[in-house]
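The values are calculated or read from the model by the stated rules, or taken from the named source; none is laboratory data. None of the values given here were measured: they were computed from a predicted structure. No Cβ is skipped: glycine too gets one built from the backbone with ideal geometry, and neighbour counts run over all protein chains shown. When the accessible area is computed, the model is the full protein with side chains, heavy atoms only, and any ligands, DNA or RNA have been set aside. Shrake-Rupley method; radii C 1.70, N 1.55, O 1.52, S 1.80 Å.
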Amino acid sequence: FRFGDVSICCNHLSNSFIRRYFQFAEGDFFHTRDLLDLQVALAGSDYFETVEVAPLWQEATNQTVPVSVRVTPNERDFYQIGPGYGTDTGARLTLGFDRRYVNDRGHRLSSLLRLSQIQSTGFVDYIIPGEDPARDQYSLTGEVIDRSYEDIDSTLYRTSVRDTRHYSRWQRTYQLSYQQEDFRFGNAPRETSRFLVPSAEFSYVSSNLDPRNRNLIDSGYRVSARLEGAS
């Protein structure tokens, strides 16, 4: 049998975007594993509350099997709030807001604000899915870290752009960041540093289960190398 036409029902994102999750095309030889991989990828995207992928055997003709993909949207906005206490932060308050889909092309927005007695942090991350949205993405990030601990008083501002891609078992990430830090040690005058920081990271993941599915790892290993620097 071969794959036939794929129908997509109840999708709040564009069909062309959803089809970028497909690892098969109409006319390819039918394999149940491809449908399971599609369901896992869509369910793990956080765009949908439920995902149902099924071959329509009763409609098969001429050794061709159509496929039905039915999804229900997840809540568009996600909020979180939580008080806490830690020995390295003191009393803290966490506020978070995520927009799971900004538009029908699957762009996402994630933000977090964590206030504490010793260190306060906040970031906003805008994520753009790549050609293979289950594995590749681009992101723009803004971040602020304010720290006051013993004789150290510093505020760090950082913006960065990042490109992450997968190649079989390999993952590589290129990033370019600009950061400015206003800092003071003890009673010394306050100083400012500015850096443009390029970086590259390569990771290799070996799993004893399906090597194509990084979410299903029973045992194996991971090796990562990262290089970054600035003048």
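Looking only at segment 1-29, which residues are open to solvent by 40 Å² or more (accessible area, probe 1.4 Å), part of a loop (DSSP other than H, G, I, E, B) and more than 13 Å from Ser68 (Cβ to Cβ)?
Phe1, His12, Gln23, Ala25, Glu26, Asp28
Residues Ser120, Ser116, Ser110: which one is within 19 Å of Ser154 (Cα to Cα), in contact with an Asp or Glu (Cβ under 6 Å, 6 or more places away or on another chain) and either touching a residue at least 60 places away in the same chain (Cβ under 8 Å) or of a type in the set (S, T, N, Q) (or both)?
Of the residues listed, the single one that is within 19 Å of Ser154 (Cα to Cα), in contact with an Asp or Glu (Cβ under 6 Å, 6 or more places away or on another chain) and either touching a residue at least 60 places away in the same chain (Cβ under 8 Å) or of a type in the set (S, T, N, Q) (or both) is Ser120.
Read through the list (1) over 22 Å from Arg99 (Cβ atoms); (2) open to solvent by 70 Å² or more (accessible area, probe 1.4 Å); (3) at pLDDT below 95; (4) not basic (Lys, Arg), then give the number of the only condition that Ala188 fails.
Here Ala188 meets the rest and fails (2).
Considering only segment 46-58, state which residues are open to solvent by 50 Å² or more (accessible area, probe 1.4 Å) and either part of a strand (DSSP E or B) or touching a residue at least 12 places away in the same chain (Cβ under 8 Å) (or both).
Selection gives Asp46, Glu49, Thr50, Glu52.
Taking Ser148 as the residue in question, decide whether it is open to solvent by 50 Å² or more (accessible area, probe 1.4 Å), more than 30 Å from Leu38 (Cβ to Cβ) and not in a strand (DSSP E or B).
no
Condition first: more than 30 Å from Ala41 (Cβ to Cβ), among the polar types (S, T, N, Q) and exposed (fewer than 13 other Cβ atoms within 10 Å of the Cβ). Now tell me which residues in segment 71-89 satisfy that.
Thr87
Need the failing condition index for Asp98 against (1) assigned to a loop (DSSP other than H, G, I, E, B); (2) within 13 Å of the chain's Cα centre (by Cα), just the number.
(1)
Any residue in segment 124-141 that is surrounded by 16 or more Cβ atoms within 10 Å (Cβ to Cβ) and within 19 Å of Thr87 (Cβ to Cβ)?
no
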